[in-house]
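Each value in this text was obtained by applying a stated rule to the coordinates, not by laboratory testing. For clarity, every value in this text was computed on a predicted model and none was experimentally measured. Using ideal geometry, Cβ is built from the backbone for each residue, glycine included, and neighbour counts are taken over all protein chains shown.
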Amino acid sequence: MTTGQPALLKFTGVRRDRAGPVPPMPARFPDDEAPVVRYVDGVRELVRMRWGMPSTTFALKGRAYDPGVANVRDTKSPHWRRWLPPEHRCLVPFTSFAHYDATEERRKRPVWFAADESRPLMVFAGLWTAWTSVRKIGEGEVSVDAFALMATDANRLVGTVHPKAMPVILTDSDEMDVWLRAPWREAAKLMRPWPEEGLAIVARGRRQDAGRSAPATMSETVPGKASEPAG
C-alpha cells in the first residue's frame, strides 16, 4: 500500500484517524500491522491492526500458539459466522497484491496485480476482532485488534496464476458503505470475483523494502504452514 495517507483517508471516507503516521508499505506480511478502516459509533475510523484472526480449534490441535488466519472464505462455518455482523467488518487499503507462480526452474515467483500500471488505491473486504492470544512463542500473550481478508473464486486473470481464490476487492464508495453497515444478506453479494478487465499484471518478481522481499499470495493460512503475504 503505497498511496499517501491524505489520499487514503479521502478514498475510504475516514473521519477519525487513530492510526498515526502511515508510511508507504511495499510489503505487508501476515502478522504485520496495517492500516484498517472500521465503522464505530457512526464514524469511519482508521486504526492499526495485526493481520491474522483466530484459527479454528481443529487447526490449533496440539499447538501452544496461534499466528492467525490471513484469509477467510467459508462464511458458513460457525467459527467465522460470529464475525459477519457489520461491527466486525472492515476495509483494508492496498495498491497491489500478488500470488506465486511457478517458474520453469520450479521456483516460486510473485506475480503482482493492480487496477492498472499506476496502481490506484483499492480496498479488500475484511473482518476484524479484538483478540488476546499467543501469536508467537517468543512474544508471549498479547491483546490486539486483528483482521483477515475475505477471499472468493479467482477470476480468469488471477486464475492463470492462482486458480483457487482471490481477495474480495471493493472500489466504489457505495460498496464500501454496504460492506461496513449493511445486513449480511446484502453484504454477502459483494463476495464475488473482481472483473478481470478491472485488473492487470503490473510486475513479476520480487520488490524490495528495507531489505525485505515482498512476494505474496492469498491462500488461507493455517498454523504450521508458511505465510505468504499481500502488499
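Diffusion coefficient of the chain by Stokes-Einstein, Kirkwood radius over Cα pairs, 25 °C, 0.890 mPa s: 138 µm²/s.
Using only alpha carbons, build the gyration tensor for the range 48-183 and give me the equivalent ellipsoid semi-axes, biggest first, whole Å. Show your work: numbers first, answer last.
Working: eigenvalues 135, 93, 41 Å².
Over the Cα atoms of the range 48-183, the ellipsoid semi-axes are 26, 22, 14 Å.
Which GluC sites (Glu not before Pro) in the range 88-177 pass both tests, a DSSP loop state and at most 12 other beta-carbon atoms within 10 Å? Don't jump to the answer; show the numbers that get you there.
Working: sites: Glu104, Glu105, Glu117, Glu139, Glu141, Glu175; in loops: Glu104, Glu105, Glu117, Glu139.
For GluC sites (Glu not before Pro) across the range 88-177 that sit outside H, G, I, E and B with at most 12 neighbouring Cβ atoms in 10 Å, the list reads Glu104, Glu105, Glu117, Glu139.
Neighbour counts of C-beta atoms inside 10 Å place Ser96, Ser133 in the sequence Ser133, Ser96, starting with the fewest. Put simply, when 61-67, 24-30 are sorted by average Cβ atoms within 10 angstrom per residue, most first, you get 24-30, 61-67.
Over all directions, the average projected area of the alpha-carbon convex hull for the range 106-178 comes to how many nm²?
Details: hull surface 32.2 nm².
The Cα convex hull of the range 106-178, projected and averaged over all directions, gives 8.1 nm².
So what's the back-of-envelope 222 nm ellipticity for the chain, counting only DSSP H runs of four-plus at -39500 (n - 2.57) apiece and dividing by all residues, rounded to 500?
Values: 5 runs with 29 residues, N = 231.
Estimated from H runs of four or more residues: -3000 deg cm²/dmol.
Scoring 73-79, 118-124, 149-155 by mean Cβ neighbours within 10 Å over their residues and listing the highest first yields 149-155, 118-124, 73-79.
Compute the length gained on full extension between Arg192 and Asp172: take 0.36 nm times their separation in residues and subtract their Cα-Cα distance, giving the result in nm to one decimal.
Details: separation 20, 0.36 × 20 = 7.20 nm, distance 1.42 nm.
Result: 5.8 nm gained on full extension.
Rounded to the nearest 20 Debye, what is the dipole magnitude of the range 34-138 about its Cα centre when Lys and Arg each give +1 and Asp and Glu each give -1 at the C-beta?
Values: 18 positive and 10 negative charges, 96 e Å.
Dipole size: approximately 460 debye.
Restricting attention to the chain, the count of lysine pairs at 8 or more positions apart or across chains with alpha carbons under 28 Å apart stands at 14.
What's the magnitude of the charge dipole for the chain around its Cα centre, counting Lys and Arg as +1 and Asp and Glu as -1 at the beta-carbon? Answer in Debye, nearest 20. Please list the in-between numbers first.
Details: 34 positive and 28 negative charges, 92 e Å.
With only Lys, Arg, Asp and Glu charged at Cβ, the dipole is about 440 debye.
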